[in-house]
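Right, one structure below, let's go through it.
The values are calculated or read from the model by the stated rules, or taken from the named source; none is laboratory data. Nothing here was measured: the structure is a model prediction, and the numbers come from that model. When we count neighbours, we look across all protein chains shown, and the Cβ atoms used for this are built from the backbone with ideal geometry, even at glycine. Ligands, DNA and RNA are excluded from the accessible area calculation, which covers all protein heavy atoms including side chains. Shrake-Rupley method; radii C 1.70, N 1.55, O 1.52, S 1.80 Å.
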Amino acid sequence: KSVTSAQLTVAGQPAVIDTEFRPFPFSASGDLTAEAVFVGYGITSGPHDYDDYAGVDVEGKVAVAFRFEPQRHDEASRFDGAQPTRESDLRFKGINARHHGAAALIIINPPPAAGEQDTTYEFGGTPSEIGIPVFHLTWAAASRLFGAAALGRGYGVIESSGKPASVALGVQAKLTAAIEAVNANVANVVGRLPGKNSKRAIVIGAHYDHLGLGGEGSLAGGTSEPHLGADDNASGVASIVELAEALGALERETDIYFVAFTGEESGLLGSHWFVEHPPLPLPQVEAMLNFDMVGRLRDGQLTVMGTGTAKGLNAVVRRAQLGLPLDLQTSADGYGPSDQMAFYARKVPVLHFFTGAHEDYHRPSDTADKVNADGAALVTTFALRIAHELANAELAKPYIAVRSDQAGDTGTSGRRGYGPYFGSIPAFGGEAQKGVKLSGTRAGSPADKAGIKAGDVIVKLGEYDVTTLKDYAFALRQHKPGDAVKVVVMRDGKQVTVEATLTEKKSDSDSKSPHGHGSKPPADSPESQPSTSPH
């Protein structure tokens with residue numbers, strides 16, 4: 001997206017575009033003047049018993065909220081301290097403001113702690129918007145425009161008590177923004193290694209895109225430094241290059257396609273394009289192996305997801321492990337926030353390889369010197385054994401839909417569950433539309449039991465309208481396990497209402513978990529969406 005023009009004035013005082021304020025990439029265009037209301041951190045969260053909008057009226061007004069979440073430097077806070085929860089997600093704050101009737105939202109940096117930069121958010125990212133103008137303002141500019149005393153007082157009360165301190169600011173704010181989407185073409189890079197039988201194939205893939213200079217998805221707090229992505233995901237790309245060379249020297253019954261996917265960080269765009277435009281019929285693809293962050297092997301611990309997605313696949317994995325110093329943490333489930341999900345949603349068995357989250361994830365500090373090269377070579381050797389066996393032995397039953405209550409893994413992160421679980425599978429990379437189109441549901445999930453079908457477009461969940469994946473994620477987060485919710489979908493041009501009882505997502509492997517290091521949410525529904533969650 002690009003900003004054609006934008007202005008922000010408070011009580012007659014203008015802010016300076018770029019240096020003091022910027023629209024967020026998900027901001028809508030608009031032109032309005034309205035009363036400003038301070039709403040703390042702009043969070044409404046039943047699970048955390050916290051609501052910044054309680055007791056204040058923001059209908060038709062400009063909500064003003066801090067970035068991040070309360071007491072983020074206190075590990076004993078009702079939130080997760082230094083580990084951001086989804087409630088700090090910037091889009092969630094915008095959706096929450098819109099849901100409460102605000103005409104616009106201004107998100108300001110809190111008083112910067114030592115080492116933190118008081119800068120505006122780098123503009124860029126996916127073109128979806130949340131329906132109202134949403135601006136980012138530095139602390140220095142906010143102090144000048146709204147008054148350091150008023151904002152500092154609210155900040156102090158929240159940080160000391162952990163309770164909201166929302167109040168009308170007594171000033172008028174004027175916002176104008178003209179924003180347009182700009183499209184660009186990007187490419188998957190595909191190579192084919194022919195086998196004896198070109199009517200059968202396996203796919204080996206890794207995404208080669210990353211975050212550039214930061215912006216949406218960065219966890220570095222406003223920096224514009226290069227995000228090098230050595231582990232995420234140069235490590236995966238290196239693995240598939242090595243596999244291509246090694247497999248080229250071995251006997252192969254099937255063709256092997258090696259794919260460097262683009263657009264993974266923007267919502268699995270490249271992998272979804274591939275399965276929608278495959279070089280051979282998808283039923284002939286017998287398995288997909290995906291490598292995403294395999295450069296930080298520690299104590300031999302490797303997570304392998306998808307071991308239950310075909311009969312005999314777990315046995316293949318265990319045979320490949322023999323003699324290798326690997327401590328495997330396996331999950332039967334094939335769904336997860338990376339490119340293998342596009343294939344599993346199309347009934348292709350998958351394996352996903354991952355060496356674990358770390359503090360450098362989506363930061364400029366993910367550099368090559370921190371990669372465990374010997375460990376990456378060990379993972380690739382293990383994967384070579386698997387790929388070679390799969391390329392020479394037809395799977396007895398090519399696909400198994402793993403039930404959501406059978407997807408537990410042998411090594412979990414130990415973190416708390418992900419809250420309410422619905423079990424929908426979004427259809428990424430499709431045509432622009434209002435609502436969330438689904439490619440299917442998880443077997444045995446609440447969505448499956450409620451009769452949700454592939455092709456349904458969810459437009460409302462509970463009392464919350466759904467126009468984007470983020471709307472859906474926000475609506476889901478407003479409920480708790482055990483809630484019975486009405487879900488409205490468009491099906492074949494008609495509106496259909498079903499009722500689902502939400503359950504709890506008990507655990508997931510440590511695959512880029514949102515309660516890990518700020519990352520890609522689990523694949524149980526809308527949260528696995530374009531880009532990661534900015535805070």
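Computed quantities for the displayed model
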| quantity | calculated |
| --- | --- |
| Residue match in the range 507-517 (condition: more than 16 Å from residue 345 (Cβ to Cβ), surrounded by 19 or more Cβ atoms within 10 Å (Cβ to Cβ), at pLDDT 90 or above and not acidic (Asp, Glu)) | no |
| Test result for residue 22, at pLDDT below 95, touching a helix residue (DSSP H, G or I) at 6+ places or on another chain (Cβ under 9 Å), buried (at least 20 other Cβ atoms within 10 Å of the Cβ) and of a type in the set (Lys, Arg) | no |
| Test for residue 187: is it closer than 30 Å to residue 248 by Cβ and surrounded by fewer than 13 Cβ atoms within 10 Å (Cβ to Cβ) | yes |
| The range 262-316: number of residues that are in a strand (DSSP E or B) and open to solvent by 30 Å² or more (accessible area, probe 1.4 Å) | 2 |
| Residue check, residue 440 of a type outside the set (D, E, K, R), assigned to a strand (DSSP E or B) and modelled with pLDDT under 90 | yes |
| Checklist (1) in a helix (DSSP H, G or I); (2) in contact (Cβ under 8 Å) with a residue 60 or more places away in the chain applied to residue 241, failing item | (2) |
| Filter result for residue 304 (of a type in the set (Val, Ile, Thr), closer than 30 Å to residue 269 by Cβ, within 22 Å of the chain's Cα centre (by Cα) and at pLDDT 95 or above) | yes |
| Whichever residue in the range 190-221 is assigned to a strand (DSSP E or B) and open to solvent by 60 Å² or more (accessible area, probe 1.4 Å) and, among such residues, is nearest to residue 234 (Cα to Cα) | 190 |
| Test: residue in the range 33-42 that is open to solvent by 50 Å² or more (accessible area, probe 1.4 Å), of a type in the set (Gly, Ala, Ser), assigned to a loop (DSSP other than H, G, I, E, B) and over 26 Å from residue 180 (Cβ atoms) | no |
| Number of positions in the range 169-205 that are within 30 Å of residue 243 (Cβ to Cβ) and under 24 Å from the mean Cα position of the chain (by Cα) | 9 |
| Hits in the range 317-346 (condition: part of a strand (DSSP E or B), crowded, with 22+ Cβ neighbours inside 10 Å and hydrophobic (A, V, I, L, M, F, W, C)) | none |
| Pick from the range 231-251, criterion of a type in the set (D, E, K, R) and modelled with pLDDT of 95 or more, ranking: surrounded by the fewest Cβ atoms within 10 Å (Cβ to Cβ) | 245 |
| Scan of the range 151-178 for residues that are assigned to a strand (DSSP E or B) and either open to solvent by 30 Å² or more (accessible area, probe 1.4 Å) or among the hydroxyl-bearing types (Ser, Thr, Tyr) (or both), ordered by number | 167, 168, 169, 170, 171, 172, 174, 176, 178 |
| Leading residue by the ranking (nearest to the chain's Cα centre (by Cα)) among those in the range 57-76 that are more than 18 Å from residue 134 (Cβ to Cβ) and either open to solvent by less than 10 Å² (accessible area, probe 1.4 Å) or hydrophobic (A, V, I, L, M, F, W, C) (or both) | 70 |
| Only listed residue being free of Cβ contacts under 8 Å to residues at least 40 places away in the same chain, of a type in the set (Asp, Glu) and either part of a strand (DSSP E or B) or over 25 Å from residue 173 (Cα atoms) (or both), chosen from 75, 116 | 75 |
| Long-range neighbours under 6 Å by Cβ, at least six apart or interchain, first residue in a helix (DSSP H, G or I) within the range 362-374, second not polar (S, T, N, Q) | 368/230 |
| Qualifying residue in the range 296-305 (condition: within 27 Å of residue 438 (Cβ to Cβ) and polar (S, T, N, Q)) | yes |
| Residue selected from the range 1-19 under the condition closer than 17 Å to residue 121 by Cα and in a strand (DSSP E or B), by the criterion least open to solvent (accessible area, probe 1.4 Å) | 8 |
| In the range 491-505, residue farthest from residue 458 (Cα to Cα) [restricted to those that are open to solvent by 60 Å² or more (accessible area, probe 1.4 Å) and of a type outside the set (Ser, Thr, Tyr)] | 504 |
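Results for (1) β-branched (Val, Ile, Thr); (2) more than 17 Å from residue 44 (Cβ to Cβ), shown as yes or no for each residue.
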position	(1), (2)
94	no, no
105	no, no
109	no, yes
115	no, yes
120	yes, yes
150	no, yes
163	no, no
